[in-house]
1. For a test of the definition: using alpha carbon positions, the gyration tensor, and the 1.5 limit on a/c, classify the stretch A:129-259 as rounded, prolate or oblate.
2. Karplus couplings for the stretch B:91-108 from phi (6.51 cos²θ - 1.76 cosθ + 1.60, θ = phi - 60°), rounded to Hz, Gly and Pro as x?
3. Excluding the sites themselves, what is the longest stretch of chain A that contains no GluC sites (Glu not before Pro) in a DSSP loop with at most 16 other C-beta atoms within 10 Å?
4. Relative contact order of chain A: what whole-number percent is it, with Cα pairs under 8 angstrom and at least 6 residues apart?
5. Enter the buried accessible area of the A/B pair, total of both sides, probe 1.4 Å, in Å² rounded to the nearest 100.
6. With the other protein chains left in place, how much accessible area per residue, in square angstrom, belongs to the stretch A:205-264 at a 1.4 angstrom probe?
7. Take each of the peptides B:157-163, B:26-32, A:221-227, A:234-240, average the number of other beta-carbon atoms within 10 Å over its residues, and list them starting from the highest.
8. Given the options A:P293, A:P126, A:P269, which has the most mean-square fluctuation in a GNM of chain A, springs set between C-alpha atoms less than 10 angstrom apart?
Amino acid sequence: MENKQPSFYEEAKSDGISRKDFLKFCASMAVLLGIENSGVGQIVKALETKPRLPVIWFHFQECTCCSESFIRASHPIVANIVLDKISLDYQETLMAASGAAAEDAYKAVMAKYPGEYIVMVEGSIPTENEAYCCIGGRSAKQILEEAAKNAKAVVAWGNCASAGCVQAASPNPTGAQPVHKVISGKPIINVQGCPPIADVMAGIVVHLLTFDRIPQLDALNRPKAFYSRRVHDTCYRRANFDAGLFVESFDDEGAKRGYCLYKMGCKGPVTYNSCGIIKWNDGISYPIQSGHPCIGCSEAGFWDNGPFYQHLPGIEGFGIETTADKIGLGLGVATAAGIAAHAIVTNVRKHKEITNAPETATTIDNSKES
Amino acid sequence: MRSRTIPMREVHVWELPVRLYHWINALCVTVLCITGFIIGRPIAISSGTEAYFQYWFGTVRFIHFVSAFLFFFNFVFRTYWGFAGNEFSRWYNFIPLKKCQWKEIMDVIKVDILQVKHKQIDSIGHNSLASFIYFITFVIFLLQCLTGFGMYSAMSSSFLPKMFAWIVPFLGGDMSVRQLHHILMWGFILFAIVHVYLVFYHDYIERRGITSSMIGGWKFIEEDVVERHNNETEDCPKTTK
């Protein structure tokens, strides 16, 4: 039974997906991944011939929004990938098995495909006290370390697994850490976002399968194909930014006209993601298109760099509303006051000394010291 | 009419490159702070129109970026001049590694800041405290270039900004880089306020022509101070003579 794993295409075919739809999916994945035209054939071939990817999908401290996002991917084959093809080996939310049977499932994958299986992680890992997240009597850290040891690569889904997200936000009571802080020595792909865009997730999976290697990553281990440009640079409202046309409040004329949301706290200029291009829900819209500023959910520490509706973060320890500008202005006033005081003292103490300075010969008596 | 004759010598302290550096730097910092502040907190100067008709915010950003390049290369030049210039502009003035420099720092604090001691500070160029403060501003310059070009690297393919791209992952993302860049801007503003005041102060107290020295390069220095400086061998060998 386990001698030959069916390929994606075989499984898709048996599910009634036509050859035409299959090819359309391959083409759209090639576009997403930025592969040239001739590369489509590579994807088709890979999906036709390669056995499905053994995947163990863990849920640690998270809200499952990554899985929710994934299963809402626009193309039916994407849903197929997650529901039927890659993740059924072990996926706590979607798998049918439970209890010991579920535990056995992922242990079986680890035993059967050492060095071949991919570990996909949703959620952060508590390190303050590992007991904050336990599955089957073992801590998240233990489970992940064990599974990652013989994995081919680790995919960190979403902001939790990539940067800690809300659990790691100050004061981080569970000592939540992203995957790359817990394991080392394995290729880790951080697929950022809260959640990541479904098509991006599918693109990563297709890439892993087609090319048998991890996609090109940036310095923060995010796939360059999807995270090399800022939301700001691909924003359809960008022209309003350059023209200096800003929404001043959510109900003003500018908001109706679709002006730039920069002053409403938009984090687009500091956020790397593909929202402006791929968009969400089958390419219908994305937050800025719906009139809401980007909250920077694909950036590390976006919760702590709040408030969401203020584009420069508040400064910790000075209250929520305190910005660098308020502190700077305060220091400026303090400096001016200090200067005024100094100028007064200077005049009181030194005026006489200066006006009474000797009119000839040596200057003020200063040669003794120094 | 009040007048007097004091034995003073004219000393050529600031060479032309130092003076040029100073004024280019002053211009750049002023422009960068103003445009930077506008970028961080844009004013609502127009509305009810279409983006097609204007580009003022883009222009403000353009001016900011051009000034940043000028500021950076000016700073690089000044660093070079710290090794090539005269004794008053050399790098060792700015880093208090010698005991006598720390002694002068304490003296300047007592004499000029707290005004609890009366004597004259002898330094012909910058005094040791001023030099040290300038050193701190150089560090801020560097950090500002790192964070600024780091952010700029995302929208540029030229090699110079790319050299600074590593700062973004180092600080964990653009959010913290921008925050740091913004906070450091206030360092420039506070420095400028104090710097300008202290120029007035020193000109008033010491009457060495410190203000015009940054224009003409010459300072009036008391004869005995110059004598001592020329004969100085032990204590604080600031010069290489």
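The values are calculated or read from the model by the stated rules, or taken from the named source; none is laboratory data. Everything quoted here is computed from the prediction, not taken from an experiment. Quick reminder, even Gly has a Cβ in these numbers, built from the backbone with ideal geometry, and neighbours come from all protein chains shown. Protein only, heavy atoms only, side chains kept; ligands, DNA and RNA dropped before computing areas. Shrake-Rupley method; radii C 1.70, N 1.55, O 1.52, S 1.80 Å.
1. Judged from the Cα gyration tensor, the stretch A:129-259 comes out oblate (a/c at least 1.5, b/c at or above a/b).
2. Per-residue couplings from phi come out as 4, 5, 5, 8, 10, x, 9, 9, 4, 5, 5, 5, 5, 5, 4, 4, 4, 5 Hz.
3. That gives A:129-247 as the longest site-free run.
4. Relative contact order, chain A: 13 percent.
5. Answer for the A-B pair: about 5500 Å² buried.
6. For the stretch A:205-264, the per-residue accessible area is 41 Å².
7. Top to bottom by mean Cβ count within 10 Å: A:221-227, A:234-240, B:26-32, B:157-163.
8. A:P269
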